[in-house]
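Heads up, the thing below is written out as structure tokens.
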Amino acid sequence: MTVQSLPGKLSLGSMSDPLWIEYDRRIGHYSMNHTHYHMAYEIYYLFRGERNYFIRDSFYPVHAGDMVLIDSNAVHKTSERSEPNHERIVLHFAQSFFKEYSQEDRDLLLAPFAEAQPLVRLNLKERMHVEELLGSLLSELSECPPGYQLHIRNMAIELLLFTARHILKRKALPDVELTPIQRKVTDIIRHINLHYKEPLHLDMLAKQFFISKGHLCRVFKEVTGFGFTQYINITRVKEAELLLRETDWSVTQVSEHCGFENFSHFGKVFKMLSGLSPRAYRKLEHSKE
């Protein structure tokens, strides 16, 4: 069975499972509309089409045959390039997926996600190998024969191992050549990432980076896929989630530390992005321990 003969949409599991897979053949305009960071590690592979990919504070043009590696808790989002139609698969690996492996094997399989360069450009032979693995995985997911989940898990491990070995021997890719406006947006993003605990008003940043407010909002959205305020909120909530998981600070202390101007706004934004109130999120995370 070829990838082209598969149904246009397949999935396995959910965000709460050790392995969660999404395959889509998308026709027309599409933009990610859910929370844009998660604890899982993610492999994104583009079969056809082209996309823009924003990760942490950098921008990458992604073409068919490219693989993108997203580290745990890294803010990311895809958006359109010239042609909206595209076909992709995303594999999400929760930290629990790796528990059965030795520390040495875990370190090997997870090493690619810590690379400074998340974009993996494959040659034709490598691309054929990766698409053979993914095609086998998707065929099992489509037909669901006995033991199909075992096969899918094995193919996912094969993909992780191939990626780890590829990263070990690849030469660093040249930096993506950014336009002047992309470089300016990157500078603004890095400023937000460093100063999210402080007041970050549009007027202030527009003046600081010598750009009009309207133009800043417009190009920020074009380059990253995020609205200006949306990105600030995501950055602050991501840090709040970390503090709620790993400290005993009060919710009020967390809110203040992360730069929210009042507690009510913090609660509203946190629930909108995380799906839970801050207290409910802390209770759920502690119940997993």
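Screening the candidates 51, 121, 88, 81 for the property of being in contact (Cβ under 8 Å) with a residue 60 or more places away in the chain, among the charged types (D, E, K, R) and under 27 Å from residue 9 (Cα atoms) yields one hit, 88. If residue 192 passes every condition in (1) outside the structural domain of residue 108 (by TED's automatic domain parsing); (2) of a type outside the set (S, T, N, Q); (3) surrounded by 14 or more Cβ atoms within 10 Å (Cβ to Cβ); (4) over 30 Å from residue 280 (Cβ atoms) but one, which one does it miss? The number of the failed condition is (4).
Scanning region 196-212 for residues that are surrounded by fewer than 14 Cβ atoms within 10 Å (Cβ to Cβ) and assigned to a helix (DSSP H, G or I) returns 203, 204, 207, 208. Looking at this structure, is residue 27 surrounded by 21 or more Cβ atoms within 10 Å (Cβ to Cβ), among the β-branched types (Val, Ile, Thr) and either more than 16 Å from the chain's Cα centre (by Cα) or under 29 Å from residue 237 (Cβ atoms) (or both)? Against the criterion (surrounded by 21 or more Cβ atoms within 10 Å (Cβ to Cβ), among the β-branched types (Val, Ile, Thr) and either more than 16 Å from the chain's Cα centre (by Cα) or under 29 Å from residue 237 (Cβ atoms) (or both)), residue 27 does not qualify.
Looking across region 215-236, just one residue is over 17 Å from residue 191 (Cα atoms) and crowded, with 21+ Cβ neighbours inside 10 Å, and that is 225. Taking the stated definitions as given, is residue 285 acidic (Asp, Glu) and touching a residue at least 60 places away in the same chain (Cβ under 8 Å)? Considered against the rule, which asks whether it is acidic (Asp, Glu) and touching a residue at least 60 places away in the same chain (Cβ under 8 Å), residue 285 comes out as no. The helices (runs of 4 or more DSSP H) located wholly in region 226-289 that include 2 or more residues which are more than 23 Å from residue 71 (Cβ to Cβ) and not hydroxyl-bearing (Ser, Thr, Tyr) occupy 251-257, 263-274, 278-287. Residues that are in contact (Cβ under 8 Å) with a residue 24 or more places away in the chain and in a loop (DSSP other than H, G, I, E, B) do not occur anywhere in region 100-111.
Residue count for region 231-254 under the criterion of being among the small types (Gly, Ala, Ser) and closer than 19 Å to residue 37 by Cβ: the result is 1.
Kindly establish whether residue 259 is farther than 18 Å from residue 56 by Cα, touching a residue at least 60 places away in the same chain (Cβ under 8 Å) and not hydrophobic (A, V, I, L, M, F, W, C). Yes: the conditions hold for residue 259. The sole residue among 166, 92, 151 that is touching an Asp or Glu at 6+ places or on another chain (Cβ under 9 Å) and not in a helix (DSSP H, G or I) is 92. Considering only residues in region 176-210 that are touching a residue at least 12 places away in the same chain (Cβ under 8 Å) and farther than 23 Å from residue 60 by Cα, the one that is farthest from the chain's Cα centre (by Cα) turns out to be 208.
Inspection of region 273-282 finds a residue satisfying the criterion of being of a type in the set (Lys, Arg), buried (at least 16 other Cβ atoms within 10 Å of the Cβ) and either under 25 Å from residue 191 (Cα atoms) or modelled with pLDDT under 95 (or both).
The values are calculated or read from the model by the stated rules, or taken from the named source; none is laboratory data. Bear in mind that the values here come from a model prediction, so they are computed numbers and not experimental data. When we count neighbours, we look across all protein chains shown, and the Cβ atoms used for this are built from the backbone with ideal geometry, even at glycine.
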